[in-house]
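The values are calculated or read from the model by the stated rules, or taken from the named source; none is laboratory data. Computed from a predicted model, the values in this text were never measured in an experiment. Don't worry about glycine lacking a Cβ; one is built from the backbone with ideal geometry, like all the others, and counts go over all protein chains shown.
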Amino acid sequence: AQSVSQHNHHVILSEAASLELGCNYSYGGTVNLFWYVQYPGQHLQLLLKYFSGDPLVKGIKGFEAEFIKSKFSFNLRKPSVQWSDTAEYFCAVNRDNYGQNFVFGPGTRLSVLP
Amino acid sequence: EAGVAQSPRYKIIEKRQSVAFWCNPISGHATLYWYQQILGQGPKLLIQFQNNGVVDDSQLPKDRFSAERLKGVDSTLKIQPAKLEDSAVYLCASSSGPFSYEQYFGPGTRLTVT
């Protein structure tokens, strides 16, 4: 079965520090990849997505992610975090062409200290 | 545009009781998803509808869970009878189609089974 793992359960950073959150998936075929974010008290919302093409994708609020097919990874990065980035981050995967079978990772809680 | 609406926001029931959740997706969105998110975990897809047809219900515990989307718009998810392990947040999401991939999430219903 398809699965998604996220390397860290809780990450604590100071403002201006760089961020990298790991995500690995198990499915061997063509996949679509996503990062969703849930700010405190808010709904889950899409941060960025990868379908095909340039493996480096840019999302909202200065986030980017790199798809490395050989490593089955889709890590999220931000060069300089802000206190407002404090949130829960979820990596998600679904199979190409079917629009279904979304699988979410367990999430990483990011706390940014002012 | 109005977002995905869910009700109730909170529900507390005793085990073996029944409960129903309601979701109204974004207007015009053909695809509707129900997820279960247990504390500390990522959302788990329970069922996906395309209009009023079921696309994927492979992870729905059909002995106690049921869902319907009769007119292809709003949807209800029912649990009968509830178990302690059903305590979770139930999320509804919608997207414009199965291949649009960007899901818009509602605020969720937090269910506590005692």
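Here are some notes:
- Checking each residue in the range A:57-73 for being within 15 Å of residue A:21 (Cβ to Cβ), away from every other protein chain (no Cβ under 14 Å) and part of a strand (DSSP E or B) picks out A:64, A:65, A:66, A:67, A:68, A:73.
- Residues being assigned to a strand (DSSP E or B) and within 15 Å of residue A:107 (Cβ to Cβ) - total across the range A:76-92: 7
- Selection count where residues are under 13 Å from residue A:71 (Cα atoms) and part of a loop (DSSP other than H, G, I, E, B), scope the range A:13-28: 4
- Residue count, the range A:93-114 (criterion: part of a strand (DSSP E or B) and modelled with pLDDT of 95 or more): 6
- Matching entry among B:46, B:32, B:91, B:39 (being closer than 24 Å to residue A:89 by Cα, within 14 Å of chain A (Cβ to nearest Cβ) and surrounded by fewer than 14 Cβ atoms within 10 Å (Cβ to Cβ)): B:39
- Here residue A:4 clears all of (1) over 11 Å from the mean Cα position of the chain (by Cα); (2) within 11 Å of chain B (Cβ to nearest Cβ) except the condition numbered (1).
- Reported count of residues in the range B:84-114, each being at pLDDT below 95 and touching a Ser or Thr at 6+ places or on another chain (Cβ under 8 Å), is 10.
- In the range A:6-35, residue surrounded by the most Cβ atoms within 10 Å (Cβ to Cβ) [restricted to those that are more than 18 Å from residue A:111 (Cβ to Cβ) and aromatic (Phe, Trp, Tyr)]: A:34
- Of the residues making up the range B:66-91, those that are of a type in the set (A, V, I, L, M) and assigned to a loop (DSSP other than H, G, I, E, B) are B:70, B:73, B:82.
- Qualifying residue in the range A:41-48 (condition: over 27 Å from residue B:89 (Cβ atoms) and either away from every other protein chain (no Cβ under 14 Å) or surrounded by fewer than 13 Cβ atoms within 10 Å (Cβ to Cβ) (or both)): no
- Scope the range A:22-37; condition among the polar types (S, T, N, Q) and at pLDDT below 95; matching residues: A:26, A:30, A:32
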